[in-house]
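Values in this text are rule-based calculations from the coordinates and carry no lab data. Computed from a predicted structure; not experimentally measured. Here Cβ is always computed from backbone atoms with ideal geometry, including for glycine, and neighbour counts include all displayed protein chains.
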Amino acid sequence: MRGRALAGRLARGLRTVPGALREDLWTTAADPLPRRSGPSWLDWLPALALPVVLGAVVLFIACVDKYGELYGFGPGLGVLLAAVQSVALAAALFRPVPAWWSMTIVTMVIVLTARPGAISETTFPWSGEGLTVQALVLFLLALRTRPRIAAEVLAISVLVGLVSRVSIKPGPPPESDAGFFVSVLVTAVVVGTALRGRRVARARLVEQEEITAGERARRTLLEERNRIARELHDVVAHHMSVISIQAQVAPHLAENPSDELKENLAGIRRSAVEALTELRRVLGVLRSEDALADGVRHAPQPTLDRLDELVGRVRSTGIAVAVDITGERRPLPPGIELSAFRIVQEALSNVLRHAPGAQARVELGYHARALALRVSNTPPDGPAPPSPGAGHGLLGMRERTAMLGGELATGPMPDGGYEVTAVLPMREPTPSPAAWPTETAEDTA
């Protein structure tokens, strides 16, 4: 039973051989030429076109002389066969399979038309020059096609050579060595296949690195957006809590409020509570993924009132930080306060990481319709230590600024330092601190 099954599989495999050969060898397709993007000489294959063409011309002249002297061909046939071989060598750079077919046809013509005594003087059916052309064509084919195609072409070429030697009478003399041309052809294909495999491996490595970098950037973006979403949740929850409390207190502040007013205020409070509940339900998954402790996670979000504390921590590391505030310092909308604090925090963190020994300067400008901030630093005293992976700093700054409809500019300064400039517009009225309730969003949930 096992023998029958093995024989059946072997028969099915043999039936697929003609189709596979037709698919592999009856085509003009080839791998694209490698780009000039690496240090390997193989990446400069397009630059080999001129040397290959010059080599084809030289081999053409040598083959014409050899075919007339050794095989007894007339000028017309010798020139034609040498020209086909030379053109095939140049064409192998771009269409390797048709070039190999041309070489095979030339070989068969030589076998059918060469004088019988020629075999005793060369590695028939190729002369030394012809074998060189054949090996170069197989080498270029192995560079540009799949290993299976290269193996099929090599097997057919060796088979043609061996059959040609035994088909000529008298047979090859003992001193002629068929193993020589076999070893030359095998070496050409093996070297070409190895170089192609190396190029393919390097290309896949570069592609994988690009994919990994893209995934890392995407993950970093999602993480930063999740962090901003958690902070935005606290800001929005605060305002919804204020709306709910004011709607609850408003009827007690009016003298003899009507039932319609009470009903409308009650509806406002219900809507605010429902919106707050839905907001926490949607963003709750972001909080659940936070690895921070509950006490830290639910701590109040920082504002610009803590700027002095932030600057003090940076100064304690040995970095000199100057603070310049222009305009009337006043409370801002919570979203702007939080974003401005985070931008300054990230900018100073970048100074600590990437500009050791530099001096930093924080500038805040309170304007009627916007808050302008700038964090700059002088050139570092020495090289910065390597960064442990991709950071979130600049990405977070851009996300926060875009969320508020502001503008952000970052980049090096002429003196070798670095600066971060942001303009955060204020598109909502600033509530009075006295009107803010003492309860937090967590208390009114």
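How large is ³J(HN,Hα) for each residue in segment 197-210, as worked out from phi by the Karplus curve 6.51 cos²θ - 1.76 cosθ + 1.60 (θ = phi - 60°), to whole Hz, x for Gly and Pro?
Per-residue couplings from phi come out as x, 5, 5, 5, 5, 5, 5, 5, 5, 4, 4, 5, 5, 5 Hz.
Using modelled backbone amide H atoms (1.01 Å from N, in-plane), which distant-in-sequence or interchain residues come within less than 5 Å of Val323's amide H?
Excluding prolines and chain starts, which carry no amide H, the hits are Val362.
Under a 5 Å amide H to amide H cut-off, with H placed in plane at 1.01 Å, what residues pair with Tyr418 once short-range neighbours are removed?
Asn377, Met413
Tell me the GluC sites (Glu not before Pro) within segment 327-381 that lie in a loop according to DSSP and have at most 13 other beta-carbon atoms within 10 Å.
Details: sites: Glu328, Glu337, Glu346, Glu363; in loops: Glu328.
Sparse-neighbourhood loop GluC sites (Glu not before Pro): Glu328.
Taking 0.36 nm per residue of sequence separation and subtracting the Cα-Cα distance, how much length would be gained by fully extending the chain between Thr220 and Glu309, in nm to one decimal?
Values: separation 89, 0.36 × 89 = 32.04 nm, distance 2.76 nm.
Net length gain for the segment: 29.3 nm.
Just to check I understand the Karplus step: with θ = phi - 60° and J = 6.51 cos²θ - 1.76 cosθ + 1.60, what whole-Hz values come out for segment 149-166, glycine and proline as x?
5, 4, 5, 5, 5, 4, 4, 5, 4, 5, 4, 4, x, 5, 5, 5, 5, 7
Using packing as a proxy for protection, rank 145-156, 253-264 so that the peptide with the highest average count of other Cβ atoms within 10 Å comes first.
With the highest mean Cβ count within 10 Å placed first, the list reads 145-156, 253-264.
Near Val323, within a Cβ-to-Cβ distance under 14 Å, what is the net charge of the other residues, with Lys and Arg +1 and Asp and Glu -1? The partial results should precede the final answer.
On the way: positive: Arg306, Arg313, Arg315, Arg329, Arg361, Arg374; negative: Asp305, Asp308, Glu309, Asp324, Glu363.
In short, +1.
Could you rank the peptides 195-205, 88-98, 134-144, 349-359 by their average count of other C-beta atoms within 10 Å per residue, with the highest value first?
With the highest mean Cβ count within 10 Å placed first, the list reads 134-144, 88-98, 349-359, 195-205.
So if each residue of separation counts as 0.36 nm, and I subtract the Cα-Cα distance between Ala155 and Ala254, what length gain in nm does that give?
Roughly 25.6 nm would be gained on extension.
So for segment 317-415, taking the charge dipole from beta-carbon charges (+1 Lys/Arg, -1 Asp/Glu), which of Val321, Met403, Tyr366 sits furthest toward the positive end?
Met403
Fully extended, how many nm does the chain gain between Ala384 and Arg202 (0.36 nm per residue separation, minus their Cα-Cα distance)? Display every interim value, and only then the final one.
Details: separation 182, 0.36 × 182 = 65.52 nm, distance 3.05 nm.
Contour length minus the Cα-Cα distance gives 62.5 nm.
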